[in-house]
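Here's the structure, in structure tokens; my notes come after.
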Amino acid sequence: MHNKAGTYVHLFSNKAVKVCVDDGKKTHTLVTLSPGVGKSVYGAAPWTVSSAELKSLQIYFQGGKVLLPPDTGS
């Protein structure tokens, strides 16, 4: 867990995925990822990332990959 504020999260997926990203200022961003194309979402921490395909996502925060527990839901 990082203790300093981050200004963005980076998302990547090998398949088409829709992702909702909420930042600390309650800004909602809907991201549609194409296969193999990453996208960064800028804002204020903390971040909430939700998707029906959450397990298909690679999420990066402050340059480090976020690892989700194996039983993670959407």
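The values are calculated or read from the model by the stated rules, or taken from the named source; none is laboratory data. Predicted, not measured: the structure shown is a model, and the values here were computed from it. Cβ coordinates were reconstructed from backbone atoms using ideal geometry, including for glycine residues, and neighbour counts include every protein chain displayed. With ligands, DNA and RNA removed, areas are computed over all heavy atoms of the protein, side chains included. Shrake-Rupley method; radii C 1.70, N 1.55, O 1.52, S 1.80 Å.
If you go through the range 41-66 and keep only what is open to solvent by less than 40 Å² (accessible area, probe 1.4 Å), closer than 15 Å to V19 by Cα and part of a loop (DSSP other than H, G, I, E, B), you end up with just S51. Evaluation of K18 against the conditions (1) open to solvent by 80 Å² or more (accessible area, probe 1.4 Å); (2) over 15 Å from V66 (Cβ atoms); (3) at pLDDT below 95 shows that the sole unmet condition is (3). Of the residues making up the range 28-40, just one is among the β-branched types (V, I, T) and part of a loop (DSSP other than H, G, I, E, B), namely V37.
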